[in-house]
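Read the structure below first, then the notes.
The values are calculated or read from the model by the stated rules, or taken from the named source; none is laboratory data. Everything numeric in this text was worked out from a predicted model, so none of it was measured. All Cβ positions, glycine included, derive from the backbone under ideal geometry; neighbour counts span all protein chains shown. Heavy atoms of the whole protein, side chains included, go into the accessibility calculation; ligands, DNA and RNA do not. Shrake-Rupley method; radii C 1.70, N 1.55, O 1.52, S 1.80 Å.
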Amino acid sequence: MHGDAAVFDRFAWAYDRVMPSADAEALAAGLAEAERSVDLVVDAGGGSGRASRAIEAPERVVVDAASGMLEQANRHGLSVVQGDAATLPIGDGRADAVLIVDALHHLPDREGAIAAARRALAPGGVLVVADFDPSTIRGRGLVLAEHVVGFDSRFDTPSRLRERMADAGLSARVVRDGFGYVVAGVRPSE
């Protein structure tokens, strides 16, 4: 295990006690961009399953590199798979939605994670990324705080993330702007 995953593994036992719930309304807005029924949702870099617990879907699978975080997700009754978001151990075209919530900035291979999500999505499926805008005042403070804690975080602005998704072949748009933003990218029907 490398980078930020090792840090999360060490404090997995306390994570849900100190972190607020995921923004269910913002995630629902992103999921609403899907052009198909959303039955299987893959929560990539999903840790304890905060995002999965905030949404409704018949099947939710949390994928994370930190085994301690997956133990927490499993305690919440979620299906878990240990793996890297950049290789996403989910079959091609199987997922209706992939979530990356408050995690993309922690991933060492952001482009790989976006490409893996696109591969895992069925046509009309949606990648929903919720992250923090480093160009805002609160964002600048968060960047500093994460580096002080020892994270290797790298943040994108909403427009830069939209560009990354478009470069990966997703039809992307900013669904919610501000400090905590959401970008949704739909895999086109082929």
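Considering only protein heavy atoms and a 1.4 Å probe, what is the carbon-and-sulfur percentage of the accessible area of segment 70-190? Each step should come with its number before you reach the end.
Values: 2650 of 5260 Å².
On segment 70-190, the fraction of accessible area on carbon and sulfur atoms equals 50 percent.
What accessible area per residue comes out for the chain, rounded to a whole number of Å², with a 1.4 Å probe?
Ligands and nucleic acids excluded, the result is 45 Å² per residue.
With every protein chain present, what accessible area does HIS106 have (1.4 Å probe, heavy atoms only), rounded to the nearest 10 Å²?
Rounded to the nearest 10, that gives 30 Å².
May I ask you to derive the relative contact order of the chain, considering only C-alpha pairs under 8 Å and at least 6 residues apart, and to give it as an integer percent? Don't skip to the end; give the middle numbers.
Numbers: 439 pairs, mean separation 39.8, N = 190.
Reported as a whole number, the value is 21 percent.
How big is the chain in terms of Cα radius of gyration and Dmax, in angstroms?
15.0, 45
Answer with one residue from ALA122, ILE55, GLY141: the one whose Cα lies farthest towards the positive end of the charge dipole of the chain, charges on Cβ with Lys, Arg +1 and Asp, Glu -1.
The listed residue farthest towards the positive side: GLY141.
Would you mind working out the magnitude of the charge dipole of the chain relative to its Cα centre, with +1 at each Lys and Arg C-beta and -1 at each Asp and Glu C-beta, to the nearest 20 Debye?
Values: 20 positive and 28 negative charges, 38 e Å.
In total the dipole reaches around 180 debye.
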